[in-house]
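S.K.: Can you read through this structure? Questions will come right after.
Read-outs: derived from the displayed coordinates by stated rules, not from any lab. In this text the structure is predicted, and so the values were computed from the model without any measurement. Here the Cβ is made from the backbone with ideal geometry for all residues, glycine too, and neighbour counts use every protein chain on show.
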Amino acid sequence: MIMKNWQIPEDELLYSGHAACQGCGGALAMRLALKALGENSVVTIPACCWTIISGDVLYNALKIPVFHTAFETAAISAAGLKAGLTMRGLKDTTVFAWAGDGGTFDIGIQSISGAAERNEDIIYFVYDNEAYMNTGIQRSSATPWGAWTTTTPVKHPEDKPKKNIDEIIAAHGVPYQATVNIAFPEDFIRKVQKAKGIKGFRFFHIFAPCPPGWKIPSDISIRAARLATQTNVFPLYEIEHGKNYRVSYMPPKKVPVSEYLKIQGRFRHLKEEDVEFIQKMVNENFDSLLKKHELTHGTLQNIPSPEFYR
């Protein structure tokens, strides 16, 4: 039986006055991650929204050391920092990389793959807002099918499915990886605290809405994020060693994907048959995930109930 025997830490390691947009999912994601990891941490940040959010030169919105690095080098920079700290005897310092979907799904993927293959002792976080938001809302390979961006306009929306980065990482057989969502902070904290106690390469895929890029009001970011998981667009689960899957949240009832899509301006152009196509993809992907969970656990009975996260 899964016991709720932990709390969200009260310590705040993200200062107020940072440069994030109102309702930024990426900012809340960093706040939660720092609460779980603690002050004895170091972060590498490549080119992304968080390069701006963290502050100008000589200033820093984080209460930990920050190393800004090139777009494609977040993972390898983190690995180098970890090696250097270990050589100095600072073996207990957590080193993590923090990147957007563009710097992870696309530009940084070979650095990530190398670090995962070598099982570098770092944690890699991708806060996924499903486009290159910092440079003008251009599509990335994390952009979902049918979505509007400035490079996939309404007349020519994204025509390829979102890259399955989680299965790519799982193919490396890393010790631990998980999906987390800013709308489920307890699940987020539990998984990061768990990963902190594991050696080797650990990977987190964070669902982090972007109000300007998604064309939503800033006060519904959490609602949009919650609907993503309740509709199974973004399920919550863990994978150990690339093969042991565990679903960590089962929606109490089936919520149609249309409820998630209709609140976002980037999907406003979709026709009814487009929504049906997306629903079909979501159903197939979630059914596949449940089968992988059952292969490991033999049952769906040990998935926490929704009350676990209240």
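S.K.: Kindly state, to the nearest 0.05, the FRET efficiency for ASP287 paired with GLU259, given R0 = 25 Å and r defined as their beta-carbon distance.
M.R.: The computed FRET efficiency comes out at 0.80.
S.K.: Could you tell me what fraction of 2.2 N^0.38 Å the Cα radius of gyration of the chain comes to, as a two-decimal ratio?
M.R.: 0.95
S.K.: To one decimal place, what Kirkwood hydrodynamic radius in Å is obtained for segment 1-65 from all pairs of distinct Cα atoms?
M.R.: Answer for segment 1-65: a Kirkwood hydrodynamic radius of 13.0 Å.
S.K.: Something else about it: Full-extension gain between LYS280 and ILE168, please, as 0.36 nm times their residue separation minus the C-alpha to C-alpha distance.
M.R.: Contour length minus Cα-Cα distance gives 38.1 nm.
S.K.: While we're here: May I ask you to list the lysines whose Cα is less than 16 Å away from that of LYS162, ignoring any residue fewer than eight positions away on the same chain?
M.R.: LYS280
S.K.: Note down the net charge around PRO256, summing +1 for each Lys or Arg and -1 for each Asp or Glu among other residues with Cβ under 11 Å from its Cβ.
M.R.: +1
S.K.: Mind checking which aspartates and glutamates have their C-alpha under 16 Å from LYS35, skipping anything on the same chain fewer than 8 residues away?
M.R.: Cross-link targets: GLU10, ASP11, GLU12, GLU186, ASP187.
S.K.: Another question, then. How high is the FRET efficiency between LYS91 and ASP56 when r is their beta carbon distance and R₀ equals 25 Å, given to the nearest 0.05?
M.R.: Efficiency for this residue pair is about 0.15.
S.K.: Multiply the residue separation of HIS297 and THR150 by 0.36 nm, subtract the distance between their alpha-carbon atoms, and state the gained length in nm to one decimal.
M.R.: 48.6 nm
S.K.: Using only the alpha carbon atoms of segment 1-147, find the Kirkwood hydrodynamic radius as the inverse mean reciprocal pair distance, in angstroms to one decimal.
M.R.: 16.0
S.K.: Could you pull out the pairs from LYS163/LYS253; LYS199/LYS243; LYS191/LYS215; LYS215/LYS262; LYS196/LYS292 whose alpha carbons sit more than 22 Å apart here?
M.R.: Checking Cα-Cα distances, LYS163/LYS253; LYS191/LYS215; LYS196/LYS292 exceed 22 Å.
S.K.: Follow-up. Sort the following peptides by mean Cβ neighbour count (other Cβ atoms within 10 Å, averaged over residues), highest first: 14-21, 37-44.
M.R.: Most protected by this proxy first, the peptides run 37-44, 14-21.
S.K.: What translational diffusion coefficient, in µm²/s and rounded to a whole number, does the Stokes-Einstein relation yield for segment 199-310 at 20 °C and a viscosity of 1.002 mPa s, taking the hydrodynamic radius as the Kirkwood radius over Cα pairs? If you can, show how the numbers build up before the last one.
M.R.: Details: Rh = 15.5 Å.
Using the Kirkwood radius from Cα pairs, D works out to 138 µm²/s.
S.K.: In vacuum, with every alpha carbon of segment 167-260 counted as one equal point scatterer, what does the Debye formula give for log10 I(q)/I(0) at q = 0.11, 0.14 Å⁻¹? Two decimals, please.
M.R.: So the normalised log intensities work out to -0.35, -0.55.
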